[in-house]
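For reference, the structure is listed below as structure tokens.
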Amino acid sequence: MANTIITKNSSTTTSVPSSLTAGELAVNTTDLKLFVGDGAAVQTVAVSPTVAHTFTAGIRGEVTTLTETASIAINMNDSNNFAVTLTGTATSVAAPTNAVAGQSGSIFIIQDATGGNTLGWDTAWKFAGGTVPTLTTTADAVDRVDYIVKGASEIHAVWTGNYTR
């Protein structure tokens, strides 16, 4: 048997509850905002994806570790930021799956303790001047590719190299 949770709610624009007990929820169905009582004040805990927001604290995206295979697969649903350590297995970065226009992030490409590893890129990755970057190949070097998805099969990318550790 499913349980039903009933919250306080309002459909009045910009309505904010004046008080909530610790753990009590309230919803403004017009503004699409969720509020929770923390025992001392009412906190807004939801962000609507359809309006502009100003954040007063840091927003962080995780860095997802990629598995090095002959062709490195990137699923854009997993993260915005990725890291891969090259050990000599990889030969290229594949066209990403689940790429949606507007998504952006970074890929950290790390050389192992031996270095000397190279990497190619699928034609979905578009670099300035049409030139695929040459990685820094010294041991433990880190290069970074920043990207923004223009379309499902077109990712604009900028390479910055030789962040040494």
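The numbers here are math on the coordinates, done by the rules we state, and not lab data. Not measured: the values here are computed from a predicted model. Cβ atoms come from the backbone with ideal geometry, glycine included; neighbour counts cover every protein chain shown.
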Inset, instruction - Determine if the range 71-88 includes at least one residue that is over 19 Å from residue 144 (Cα atoms), more than 17 Å from the chain's Cα centre (by Cα) and surrounded by fewer than 13 Cβ atoms within 10 Å (Cβ to Cβ). - result: no
Inset, instruction - From the list 57, 40, 22, pick out the single residue that is more than 31 Å from the chain's Cα centre (by Cα), in a loop (DSSP other than H, G, I, E, B) and without any contact (Cβ under 8 Å) to a residue 12 or more places away in the chain. - result: 40
Legend entry - Subset of the range 72-119 (residues that are of a type outside the set (A, V, I, L, M, F, W, C), assigned to a strand (DSSP E or B) and under 11 Å from residue 137 (Cα atoms)): 111
